[in-house]
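Here the structure comes first, spelled out in structure tokens, and everything after it is commentary.
Bear in mind that the values in this text are calculations on the coordinates, not laboratory data. A quick note: this is a predicted structure, and the numbers were derived from the prediction, not measured. So basically every Cβ, Gly included, is an ideal-geometry build from the backbone, and we count neighbours across all protein chains shown.
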Amino acid sequence: MTMKTIQEILNERILILDGAMGTMIQRYQLEEDDFREGWFENHPHSLKGNNDLLSLTRPEIIKEIHRKYFEAGADIAETNTFSGTTVAQADYALEHAVYDINYHSAKIAREVADEFTRSNPDKPRYVAGSIGPTNRTASISPDVNDPGFRAISFDDLVLAYKEQVKALIDGGVDLLLVETIFDTLNAKAALFAIDEVYEELNIELPIMVSGTITDQSGRTLTGQTTEAFLISVSHMPLLTVGLNCALGASMMRPYLQVLDKKTAFGVSAHPNAGLPNAFGQYDETPEMMAVQIKEFLDEGLINIIGGCCGTTPDHIEAIAELAKNYSPRSTTNV
């Protein structure tokens with residue numbers, strides 16, 4: 001049996017993205033040794049909290065998390081590679097580990113996805129290579145006394161993203177997800193890198209792009225409106241363009257409406273489970289989140305839906321149960 005492409009299925013039903021990897025990792029209450037085991041025992045820097053390393057040091061945990069999200073109804077698993085660039089890993093002096101982080105993260109997700117596809121070929125599971133924004137911005141100076149200073153250049157970002165993208169592809173991802181975009185210039189570097197890798201490898205995978213509206217001003221951190229963000233990335237043939245993080249579902253809705261009206265690409269969303277409380281915890285229950293996401297579905301705004309910070313398999317299960325009763329957003333009427 002030939003597995004349908006994700007584009008074919010996107011036209012048939014709403015696809016479910018998984019939820020927060022970090023939220024699930026926190027449940028394991030890991031210590032420093034967990035981030036070193038078998039790989040980094042003698043590394044001179046503290047590594048606790050560098051979650052991407054767990055694909056190397058505690059792969060069974062990452063497998064278990066992927067498995068729980070697929071059991072909850074997810075169609076797409078994101079690789080555990082949100083910080084998988086030399087730029088982000090430089091904080092830990094682990095630039096040399098970037099290929100292994102991405103390759104093994106992709107292999108782990110691929111293994112679990114294939115396991116679920118074999119058990120139910122009518123519901124194929126996919127792996128999205130997660131490409132985070134890095135901890136540097138190409139558009140804004142981190143020094144208030146030197147507005148013209150930039151902590152990183154476009155070309156440096158391209159090199160970092162190319163290394164990540166190649167490793168994700170080698171590990172067997174089905175698509176790439178450039179996500180949590182707070183600076184569209186960073187995202188454009190990622191897209192440029194992807195384009196170059198595709199040309200070099202003579203391969204082309206679907207691409208999802210997901211920006212972040214940082215507050216109720218309706219703008220990204222670098223000041224773009226949703227429409228401006230969309231225009232800035234629409235030079236690429238995208239599977240979906242969407243929004244994630246920063247906002248809960250109820251606050252994200254107006255900006256998804258903008259995307260719905262302005263793009264012929266599919267539209268994705270993976271909001272937080274509300275806003276964090278005073279202790280940095282997310283209080284929104286699966287039922288509360290599903291009620292808010294129902295408004296997206298009632299309006300026909302969505303092709304791919306999932307969860308970001310604070311979401312768990314219980315949230316994804318509630319969203320998946322709801323979404324199966326709706327048709328996907330039409331991309332032919334824009």
Determine the sum of side-chain charges near Tyr99: Lys and Arg each +1, Asp and Glu each -1, restricted to other residues whose C-beta is under 13 angstrom from that of Tyr99.
-> -2
Identify the trypsin sites (Lys or Arg not before Pro) of the stretch 6-107 meeting these criteria: DSSP loop state and at most 12 other C-beta atoms within 10 Å of the C-beta.
-> Arg27
Which of Cys309, Met251, Leu53 sits closest to the plus end of the dipole of the stretch 6-323, meaning its Cα is farthest towards the positive end, when Lys and Arg get +1 and Asp and Glu get -1 on the C-beta?
-> Met251
Integer Hz, Karplus 6.51/-1.76/1.60 couplings in order for the stretch 99-116, x for Gly and Pro = 4, 4, 4, 6, 4, 6, 4, 5, 4, 4, 5, 4, 4, 5, 4, 5, 4, 6
Quick one: net charge around Pro276, please, counting Lys, Arg +1 and Asp, Glu -1 for every other residue with C-beta under 15 Å from its C-beta.
-> -3
Under 9 Å, Cβ to Cβ, from Gln292 - net charge with Lys/Arg +1 and Asp/Glu -1 = 0
Rg/Rh of the stretch 6-323 (Cα atoms, Kirkwood Rh), to two decimals, equals 0.94
³J(HN,Hα) computed for each position of the stretch 266-272 - Karplus, 6.51 cos²θ - 1.76 cosθ + 1.60, integer Hz, glycine/proline x = x, 10, 10, 8, 9, x, 5
Hey, what did the chain get for relative contact order, percent, Cα under 8 Å, at least 6 apart?
-> 19
Quick calc, the stretch 6-323, dipole around Cα centre from Cβ unit charges on Lys, Arg (+) and Asp, Glu (-), nearest 20 debye, gives 440
Per the 1/(1 + (r/R0)^6) rule, R0 = 22 Å and r from the Cβ atoms of Glu31 and Glu64, FRET efficiency to 0.05 is 0.80
Please return the longest stretch of the chain lacking exposed loop sites, where GluC sites (Glu not before Pro) count only if DSSP places them in a loop and at most 16 other Cβ atoms lie within 10 Å.
-> 42-203
Of the residues Gly211, Asn325, Gln224, the Cα lying farthest along the dipole of the chain towards its positive end, which is defined by charges on the beta carbon of Lys, Arg, Asp and Glu, belongs to Asn325
Could you give me the ³J(HN,Hα) list for the stretch 227-244, computed from phi with Karplus coefficients 6.51, -1.76, 1.60 and θ = phi - 60°, whole Hz, x at Gly and Pro?
-> 5, 5, 4, 4, 4, 5, 10, 7, 6, 9, x, 9, 5, 8, 10, x, 9, 8
Note to self, the chain gives a 222 nm [θ] from helices alone (DSSP H runs n ≥ 4, -39500 (n - 2.57) apiece, / all residues, nearest 500) of -12500 deg cm²/dmol
Scan around Asp75 for amide H atoms under 5 Å from its own, H built in the peptide plane at 1.01 Å from N, and keep only partners 5 or more places away or cross-chain.
-> Ile16, Leu17
In the stretch 6-323, with Lys and Arg counted as +1 and Asp and Glu as -1 at Cβ, which of these residues, Gln29, Gly242, Ile62, has the Cα nearest the positive end of the dipole, that is, farthest along it?
-> Gly242
Contact order relative to length for the stretch 239-334, counting C-alpha pairs under 8 Å separated by 6 or more residues, stands in percent at 32
